[in-house]
Ligand code: AMP
């Protein structure tokens, strides 16, 4: 089957075309055929498309909305010589990344009118993301008709196993009852993929998976997975809580909202925007949200604030690992994923330095080798805990879920 995986944002669309089916999943022989993204939808958009194994094509075109963006993707796919994909009819289903499924969805689902309505009901929990996801689903219906199977794979679903002691905030309980204010957690598809890959490579049953997964990228989160299920995770009602991120502050004293507002003359909305867009690595360093650039600044110019941003980032990750070790009563492994987790041996080394008390020891050579999409163990043989790098692949999981849903296996 050819599955089109879509990730629709407010002004962007990312896609992958993946050939997979039950037999390929079993053999782990799924194959990405093409991928790309359209940025700055709504104006002069930038299109970046590539057939697997070929050089990416970059172009610009005015694209007014998600529907027009999807149309451009489909036309491009049809114009390429991709094996097994001659026209629209060769796309068998579409899988969507949907950000918020609230408490309604603990797993992926095939989309019908009721599901679409429920995703709409979750808009107030993700006002920036769910509307774009819905527009993507509607655009597929317009272009392919209503009978093409579409699946929704939620960022929040994997974390629905959190127990109340982990998902409730210590605020008046009625706020949870009335408005469903609680920790939902995000990056669920990434944490689930990494946990799945870990158990497959190690050939252990799901219920024996006791690990801490670190998704460290521009957005970062950590999950405590015990018996195969998430029991705690660092993002909350929104993705703002938890670790220090590229531009998000992560954890802070909520009294800061009013204090900053009063001092700087900002509304609550403006302050929240500041916490989401101008904080984190960017806010501390005053330079950039890109960890690569910060590491270069720290190394080459010994920039004090770049060093501070890196230090605070790693310190926060270490604190979370410590608290999750207590929450889980110990772990078998700690796994790095995400743009920073998969590529920066330096950041991994800095984080693990603080875990010496646990008996964690990295193997320098292995750590340096596991970059650019390579999977492997990076701890030394005598380390008390195994440390892994497992490159995440949310799109693959979305494609596989879509196939399994079509076959009634979810
Ligand atoms: P993601 O959001 O998972 O795509 O991760 C993106 C982030 O990964 C970028 O903003 C960079 O900060 C970071 N990153 C990618 N490659 C490296 C690298 N070699 N060293 C440090 N950070 C990196």
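The values are calculated or read from the model by the stated rules, or taken from the named source; none is laboratory data. Just so we're clear, the structure is a prediction, and the values are computed from it rather than from any experiment. Heads up, the Cβs are rebuilt from the backbone with ideal geometry, glycines too, and the neighbour counts pull from every protein chain shown.
Being within 16 Å of the ligand (Cβ to nearest atom) and either over 19 Å from the mean Cα position of the chain (by Cα) or under 20 Å from residue 202 (Cα atoms) (or both): is that true of residue 383 here?
Answer is no for this residue.
Determine which member of the set 182, 135 is closer than 29 Å to residue 316 by Cβ and touching a helix residue (DSSP H, G or I) at 6+ places or on another chain (Cβ under 6 Å).
182
Of everything in region 370-380, what is part of a loop (DSSP other than H, G, I, E, B) and farther than 14 Å from residue 341 by Cβ? Give them in sequence order.
Within region 370-380, 380 is the sole residue that qualifies.
Is there any pair linking a residue in region 175-186 that is farther than 10 Å from residue 238 by Cα to one that is surrounded by 19 or more Cβ atoms within 10 Å (Cβ to Cβ), with Cβ under 6 Å and at least six apart or on different chains, and which?
Correct list of pairs: 176/182.
Would you mind listing the helices (runs of 4 or more DSSP H) fully within region 298-369 where at least 1 residues are within 16 Å of the ligand (Cβ to nearest atom) and exposed (fewer than 15 other Cβ atoms within 10 Å of the Cβ)?
Once the helices (runs of 4 or more DSSP H) in region 298-369 are filtered for at least 1 residues that are within 16 Å of the ligand (Cβ to nearest atom) and exposed (fewer than 15 other Cβ atoms within 10 Å of the Cβ), what remains is 304-328, 364-369.
Hey, among 131, 172, 149, which residue is modelled with pLDDT of 95 or more, more than 23 Å from the chain's Cα centre (by Cα) and within 26 Å of residue 393 (Cα to Cα)? Step through it out loud before you land on a result.
Details: 131 fails: more than 23 Å from the chain's Cα centre (by Cα); 172 fails: within 26 Å of residue 393 (Cα to Cα).
Residue meeting the stated conditions: 149.
Is it the case that some residue within region 273-280 is under 15 Å from the mean Cα position of the chain (by Cα), crowded, with 23+ Cβ neighbours inside 10 Å and within 23 Å of residue 337 (Cα to Cα)? I'd like the intermediate steps shown before the answer.
Taking region 273-280 and keeping what is under 15 Å from the mean Cα position of the chain (by Cα), we get none.
The answer is no; no qualifying residue exists.
When the residues of region 285-294 are narrowed to those that are part of a helix (DSSP H, G or I) and surrounded by fewer than 20 Cβ atoms within 10 Å (Cβ to Cβ), which ends up farthest from the ligand (Cβ to nearest atom)?
293
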